[in-house]
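Novice: Got a structure here, written out as structure tokens. Questions coming.
Rule-based calculations on the coordinates, nothing more; no lab input. The structure presented is a predicted model; accordingly, all values stated were derived computationally and were not measured. A quick note on method: Cβ atoms are made from the backbone with ideal geometry, for glycine too, and the neighbour counts reach across all protein chains shown.
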Amino acid sequence: MAAKVPQARVLLGDVDITEYEQESRDLSHSDTGIDLSVFGDEVSITVPYWHTGDGAATVLGKLFALATLVEKETGLTAYDPQVEMSLAETSPHQATSIMSSVTTDLRNRYGG
């Protein structure tokens, strides 16, 4: 993760790093909610359903760029289980549409 931190800071800005005892580390960006977690050989990137429209497009652009960075550093392939395909196969428009519609649905159901 150490090699990813400076590049992630260029991409996201101020990030928080939390390191745990058992080869586990988290990189979090509070403005977007993006969280990158490393546990051993596994890496996950998550983003909460806070964003819609242009905001979703901006955040997902950062998430896609971060995933590309992780792919280059680790040799892993980013996979999105929600759409059941690699991130490289997912169009930014499709991802933005999904995030926007889920966020809107959650807000309608639960407020916010």
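Residue by residue, here is whether (1) touching a helix residue (DSSP H, G or I) at 6+ places or on another chain (Cβ under 9 Å); (2) hydrophobic (A, V, I, L, M, F, W, C); (3) buried (at least 17 other Cβ atoms within 10 Å of the Cβ); (4) not in a loop (DSSP other than H, G, I, E, B) holds:
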position: Glu21; (1), (2), (3), (4): no, no, no, no
position: Asp31; (1), (2), (3), (4): yes, no, no, no
position: Asp35; (1), (2), (3), (4): no, no, yes, yes
position: Ser101; (1), (2), (3), (4): no, no, no, yes
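Novice: Quick one: would you say Ile17 is surrounded by 18 or more Cβ atoms within 10 Å (Cβ to Cβ) and of a type in the set (Val, Ile, Thr)?
Specialist: Values: surrounded by 18 or more Cβ atoms within 10 Å (Cβ to Cβ): no; of a type in the set (Val, Ile, Thr): yes.
Spelling it out, it is not the case that Ile17 is surrounded by 18 or more Cβ atoms within 10 Å (Cβ to Cβ) and of a type in the set (Val, Ile, Thr).
Novice: Now, a different point. Output the residues belonging to region 92-105 that are closer than 19 Å to Ile34 by Cα and without any contact (Cβ under 8 Å) to a residue 40 or more places away in the chain.
Specialist: Pro92, His93, Gln94, Ala95, Ser97, Ile98, Ser101
Novice: Is there any pair with a first residue in region 76-88 that is over 20 Å from Gly40 (Cα atoms) and a second that is in a loop (DSSP other than H, G, I, E, B) whose Cβ atoms are under 6 Å apart and which are 6 or more apart or on different chains, and what are they?
Specialist: Note: pairs meeting the criteria are Val83/Thr90; Ser86/Thr77; Leu87/Ala78.
Per-residue answers, yes or no, for (1) closer than 18 Å to Ala8 by Cα; (2) in contact with a Ser or Thr (Cβ under 7 Å, 6 or more places away or on another chain); (3) surrounded by 14 or more Cβ atoms within 10 Å (Cβ to Cβ); (4) free of Cβ contacts under 8 Å to residues at least 24 places away in the same chain:
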position: Tyr49; (1), (2), (3), (4): no, yes, yes, no
position: Asp54; (1), (2), (3), (4): no, no, no, yes
position: Thr74; (1), (2), (3), (4): yes, no, yes, no
position: Thr90; (1), (2), (3), (4): no, no, yes, yes
position: Arg107; (1), (2), (3), (4): no, no, no, yes
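Novice: Something else now. Just to be sure I understand, how many residues within region 28-58 are under 13 Å from the mean Cα position of the chain (by Cα) and under 22 Å from Pro92 (Cβ atoms)?
Specialist: Going through region 28-58 one residue at a time, the tally reaches 19.
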